[in-house]
Amino acid sequence: GEKRAMVESEKKFLTVFFSDIVSFTSISDKLDSIPLTDMLNSYLTKMSDIALTFGGTIDKYIGDSIMIFFGDPKTNGRHDDAIKCVNMALEMQKIMNKMSFEFEKKFKLDSPLEIRIGINSGECTVGNFGSDKRLDYTVIGGTVNLASRLEASASRGGILISESTKILIEEKINTRSIGKIKVKGFREAINIYDVIT
């Protein structure tokens, strides 16, 4: 509601968040459609409420995955955006631990549900993309791709962040260096950090 519905874009410094449920595909194969829909919608509703509380912009849902960004349409500066994003991720992990116990009993799951999270900060192209029939307000670019790759590399229940995010939050949030990893689509190995919960 805060952007005009026109094909337009601009460069902005954003902090981008991705999360997904570990092994969700195998879980979805075992559950009937009605309990699966109930579980997924309960999860997405709770995570969305948390995102909005922290001021994040929910970009999209891709099945069980969530993409959120901070820094557009409103920003309090790149440090504050990054800190809010990581604090949001910490809150999501805390709430997921509680929900997982409830889901395990209600849906008779074989193991607890866990989420993994990836966060990166940097320049992105943000705006309305698409055709004259359908537009999506979203962000694109290498910063987004790296956030997605970090999420895929995160441990169960973990929050993996890039060096650029770590620099923005280090005065407020504790992190631990994991070293470097090779990431698809990036020539150089990337320094990565775990958020200490």
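The values are calculated or read from the model by the stated rules, or taken from the named source; none is laboratory data. Please read all numbers here as calculations on a predicted model, not as lab measurements. Backbone-built Cβ (ideal geometry, glycine too); neighbour counts: all protein chains shown. Just so you know, the surface numbers come from the protein's heavy atoms only, side chains and all, with ligands and any DNA or RNA stripped out. Shrake-Rupley method; radii C 1.70, N 1.55, O 1.52, S 1.80 Å.
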The chain: longest segment with zero exposed GluC sites (Glu not before Pro), where exposed means DSSP loop plus at most 14 other C-beta atoms within 10 Å, is residues 3-169
Counting only DSSP loop positions in region 47-94, the trypsin sites (Lys or Arg not before Pro) whose Cβ has at most 14 other Cβ atoms within 10 Å are K74
With label points set 7 Å from each Cα along the Cα-to-Cβ direction at K172 and N87, the distance between them in nm comes to 0.5 nm
So for the pair E102, E123, with labels modelled 7 Å out along Cα→Cβ, what separation do we get in nm?
4.4 nm
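Show me the trypsin sites (Lys or Arg not before Pro) within region 100-153 that DSSP assigns to loop and that have at most 11 other Cβ atoms within 10 Å of their Cβ.
Details: sites: K105, K106, K108, R116, K133, R134, R149; in loops: K108, K133, R134.
Taking region 100-153 and a limit of 11 other Cβ atoms within 10 Å, the loop trypsin sites (Lys or Arg not before Pro) found are K108, K133, R134.
Within region 92-176, how many Lys pairs sit with Cα atoms under 24 Å apart, leaving out pairs fewer than 8 places apart on the same chain? Before the final figure, lay out each step's value.
Working: K94/K105; K94/K106; K94/K108; K94/K166; K94/K172; K98/K106; K98/K108.
Summing the qualifying lysine pairs gives 7.
Per residue, how much accessible area does region 54-111 show when a 1.4 Å probe rolls over the protein heavy atoms, in square angstrom?
Working: 2940 Å² over 58 residues.
So region 54-111 comes to 51 Å² accessible per residue, rounded to a whole number.
Using 0.36 nm per residue, how much length does the chain from K11 to S155 gain when fully extended, once their Cα-Cα distance is taken away?
On the way: separation 144, 0.36 × 144 = 51.84 nm, distance 3.12 nm.
Gain in length upon complete extension: 48.7 nm.
Kindly identify region 128-197 as rounded, prolate or oblate by the Cα gyration tensor criterion: order the square roots of the eigenvalues as a ≥ b ≥ c, call it rounded if a/c is under 1.5, otherwise compare a/b with b/c, prolate if a/b is larger, else oblate. Show your work: numbers first, answer last.
Working: a/c = 2.42, a/b = 1.85, b/c = 1.30.
Note, shape of region 128-197 comes out prolate.
Anything in the chain that counts as a DSSP H helix reaching 15 Å or more along its axis (C-alpha) with Kyte-Doolittle mean of at least -0.5? List them, would you?
Numbers: long enough: 33-53 (30 Å, 0.38); 78-106 (41 Å, -0.68); 142-153 (16 Å, 0.10).
Once both thresholds are applied, what remains is 33-53, 142-153.
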Any idea what the dipole of the chain comes to, in debye rounded to 20, about its Cα centre with Lys/Arg Cβ at +1 and Asp/Glu Cβ at -1?
260 debye
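Would you please give the FRET efficiency between D49 and F186, computed as 1/(1 + (r/R0)^6) with r the Cβ-Cβ distance and R0 = 45 Å, to the nearest 0.05? Kindly include the intermediate steps, with their values, before the conclusion.
Numbers: r = 33 Å, r/R0 = 0.74.
With R0 = 45 Å, the Cβ-Cβ based efficiency is 0.85.
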Need the full-extension length gain, S42 to D29, defined as separation in residues times 0.36 nm minus the C-alpha distance. One decimal, nm.
2.9 nm
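State the percent of C-alpha pairs, over all pairs in region 1-144, separated by a distance greater than 29 angstrom. Provide the component values of the computation, followed by the final result.
On the way: 2383 of 10296 pairs.
Within region 1-144, distances greater than 29 Å cover 23 percent of Cα pairs.
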